[in-house]
Structures are given as structure tokens and as C-alpha cells.
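One structure below.
A short reminder: the numbers here are calculations on the coordinates, not readings from a lab. Since the structure is predicted, the reported quantities are computational estimates derived from the model, not experimental observations. Note that each Cβ is placed from the backbone with ideal geometry, even for glycine, and that neighbours are counted across all protein chains shown.
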């Protein structure tokens with residue numbers, strides 16, 4: 001009777017466990033909300049079926065109706081980057097493993113047919129590995145930790161992809177703006193070459209000076225071709241990050257980069273903020289916890305590797321024809337494998353995860369300092385160009401224009417100063433581009449937005 005009840009309970013448990021269908025929506029929503037908050041509200045969707053993909057494509061089409069902004073580029077990538085979508089499937093895999101860890105193993109059934117002295121005696125056994133039942137809470141704990149680790153890894157991938165998109169976007173906008181300015185350089189050198197040709201015809205310029213103007217024009221054409229080719233390459237790089245193809249790649253960009261945003265941030269507190277926010281560091285911390293728990297469990301169960309309980313039904317070998325029933329117990333004997341190697345491996349794994357965690361924490365702090373130095377230098381350079389260099393170049397052009405009107409300098413001097421002014425403007429755009437790329441990398445290092453810096457304090461009176 002006891003064996004029959006055990007069998008009924010076992011069958012019911014297995015049936016209930018097998019009915020559970022893994023649904024990873026909850027774990028994904030957790031990390032998606034975290035990433036969305038860090039990205040200023042950009043929606044993170046997982047396209048798991050045709051309906052989801054259709055909704056994503058409709059959202060992308062709406063975003064592409066306007067000139068591509070940094071925010072819309074990030075949104076499109078989160079919806080459409082297939083490599084990122086593939087990373088989301090890791091959450092589904094880890095969640096399925098968690099569900100699997102909560103299921104009992106299928107029972108094993110054995111049939112023995114014993115024959116002798118003209119008689120046949122069959123025997124039937126059904127055994128469930130109770131060791132799996134005893135370790136189920138531990139397996140679920142470890143699978144849950146693995147799921148958390150996977151969520152952190154996916155979240156870090158989301159934030160890193162967003163940073164890559166921002167950097168590629170700002171590089172493309174900056175290079176396009178610089179290319180538009182360089183068209184003015186080409187026009188100026190073309191005008192100088194044409195003027196030189198007319199002056200040679202009129203006998204007012206020698207062939208050497210004409211060749212000099214024509215060479216400058218030719219070099220500017222070569223440089224323009226190189227710039228436009230690089231623009232096309234960079235545009236395709238952004239297309240890949242956004243997952244766009246076909247008619248979707250006909251998007252437009254704004255005409256110029258935004259100016260430097262706010263005052264220069266302070267380094268103080270940024271390292272601590274990164275340690276608190278970095279999802280890859282949280283994942284490494286989860287690895288340490290998992291390895292520690294696995295070691296403790298391995299030490300507790302080092303002598304026990306298999307334990308089975310079940311029922312045996314056997315025909316009476318005495319020839320009475322009756323069926324004999326009784327419990328069956330199976331367990332392993334720790335004779336050849338004492339668990340020493342397994343424990344040693346778990347100890348090494350625990351030490352490894354601890355060292356990797358500390359090493360990553362050191363790297364995170366260094367990344368923050370490096371990103372800050374790049375950001376501060378780029379912001380200083382952009383500010384210096386805007387407040388010092390560009391006004392001086394404008395002043396030079398204005399003075400040359402005045403002198404040219406008074407016939408004190410030639411037209412080539414005026415054109416050259418104008419070219420220098422345009423080239424300085426291109427250099428300023430380069431510093432502005434470096435600033436926004438550095439800011440994107442700073443936010444990647446922080447795994448979140450850069451804190452708003454307070455305004456510079458007013459200078460003290462002497």
C-alpha cells in the first residue's frame with residue numbers, strides 16, 4: 001500500500017511539473033526596464049513572434065520619417081539589431097534551465113526475466129532518483145543565479161550597443177558636417193584656379209603660380225573624394241548597427257552636431273557610480289555567489305552522488321504464482337570516487353570567479369578615469385576652438401577683406417584666409433565630434449547617463 005501511494009504521488013508530481021511551460025517574459029521585462037531607465041526611456045522589445053516583429057517594423061518606419069536623431073537611432077537599434085535580439089534568447093534559455101531545475105527526473109523502470117528449472121519468474125521495478133529531489137532546491141538556486149547572471153550580461157550588451165550606436169551616429173553627423181564645409185574649400189580653390197587661368201591669359205600671372213593654384217584645386221578634389229568615400233563606409237557601419245536594409249537605408253541626418261552640453265563634469269564620485277551601476281560587474285558578483293554556493297553544496301554532498309527509492313514487483317519464485325511487492329533502495333558506494341577532485345575543481349572555480357570580479361572592478365574604475373580624461377580633453381578643445389580660434393579666424397578674414405578693398409593685399413590672400421577659416425571650422429567640428437563620442441563612451445563606462453554637472457562657480461574677487 002505504501003509503495004502504491006508513493007507511485008501515485010510520484011506520477012502526479014511529474015504530471016504537474018511537466019505542465020509548466022517556460023515563459024521568460026518576466027525576467028526579460030526586469031532587465032529591459034533597467035536598461036530603458038539607463039537609456040533615458042528608450043524602449044527595449046524582444047521580438048519572439050511574427051506579431052512582435054511586425055510591431056517593431058512599424059515603429060521603425062515611424063522613426064525613420066524624420067531626420068535620424070541620436071535617440072531615434074538608439075531606439076531603432078534596440079528594436080532591430082538582430083545580434084542583440086539573439087542575445088535576448090539567452091534569457092529564454094536560462095529561464096528554461098531554471099524551470100528544468102525544478103522538475104524531478106523521470107523514473108527508471110527495469111524488467112528482469114529469470115528462468116530456471118522449467119519456470120519463468122518476471123520481476124518489475126520502478127525507481128525514482130531521490131537524490132534529485134533532495135538537491136532540487138540547490139539546483140534551483142544555482143539556476144536562478146545563472147538566470148540573474150544572464151540578465152546582467154544581456155543588459156550590459158544592450159547598454160554597450162546603445163553606446164556603439166551613439167558613437168557611430170556622432171561620428172557620421174560630424175563627418176558629414178565637415179564634408180559640407182569642405183565643399184566650400186573646393187569651391188574656393190576652384191575659383192582661385194579659374195582666376196589664375198584668366199590672369200595667365202591676360203599676362204598678369206606666371207605659369208608657376210597658375211600651376212600652384214591648379215595643384216591646390218586638384219588636391220582638394222582628391223581629399224573630397226576620400227571624405228565622401230569614408231562617409232559612405234561610416235553610413236553602412238551605422239546601418240549594420242541599426243539592422244536596416246532595402247528602402248530603410250534612405251534615412252537623413254541633421255545638418256550639424258549639437259554644441260557642448262553643460263559644464264565639465266567632475267571625476268569625483270564617478271568611479272563609485274560605475275561600481276554601483278555596471279551590469280557586467282553585477283554579473284561577475286553573481287558568479288562569485290554561485291561558485292561559493294556550489295562549493296558549499298559539493299562539500300555537504302561529497303559522499304552522496306545517487307540515491308533511488310522505488311517499488312519492486314516480483315512473482316514468487318517458489319511457484320505459488322503470487323506477486324511479491326516491496327520497496328527498493330539504490331545508492332552509490334563511495335569507493336572509487338571520494339569526491340576529492342570535484343571539490344578541488346569547485347574550490348578553483350570559486351577562487352577564479354573571485355579574482356575575475358576584483359579584476360573587473362579594477363578595470364571598471366580605470367575605464368571611468370580614462371573616459372573622463374578623454375571627455376575633459378575633448379570638451380576643453382571644443383570650447384577653446386569655439387571661443388578663441390574661430391573668432392580669430394573670422395577677424396583675419398574681415399581684416400583681409402578690408403585690406404583687399406583697399407588694394408593692399410591680393411585676391412589670393414583673401415581666398416587663402418577664407419580657406420583657413422573653413423579648415424579651422426572643420427577642426428572645430430572634429431573636436432565637437434570627439435566630445436560627443438567621448439561622452440558616449442563615458443556613459444558606457446558608467447552604465448548610465450552622465451550626472452548633470454553644476455555650473456562653474458563665479459570667480460573670486462581679487
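Counting other Cβ atoms within 10 Å as a rough exposure proxy, the listed residues 31, 76 run 31, 76 from fewest neighbours to most. Listed from fewest to most Cβ neighbours within 10 Å, the set 74, 99, 109 follows the order 109, 99, 74.
Convex hull volume per residue, computed on the Cα atoms of segment 336-454, equals 128 Å³. Note on segment 248-288 and segment 346-425: Cα centroid distance 19 Å, given to the nearest whole angstrom.
Extension gain for residue 43-residue 247 works out to 71.1 nm (0.36 nm per residue, less the C-alpha to C-alpha distance).
Start at zero, step by 5 Å, and the Cα-Cα distances of segment 69-202 spread as 2, 8, 9, 8, 7, 7, 7, 6, 6, 6, 5, 5, 4, 3, 3, 3, 2, 2, 2, 1, 1, 1, 1, 0, 0, 0, 0 percent across the bins.
Can you work out the PRE-style zone for residue 222? Point 7 Å along Cα to Cβ, and I want the residues of segment 173-212 with backbone N under 15 Å. Answer for segment 173-212: 212.
For segment 52-126, the alpha carbon convex hull comes to 135 Å³ per residue, rounded to a whole number.
Ordering 356, 450 from the fewest to the most neighbouring beta carbons within 10 Å gives 356, 450. Distance between the modelled labels on residue 82 and residue 105, one decimal in nanometres: 4.1 nm (7 Å Cα→Cβ projection).
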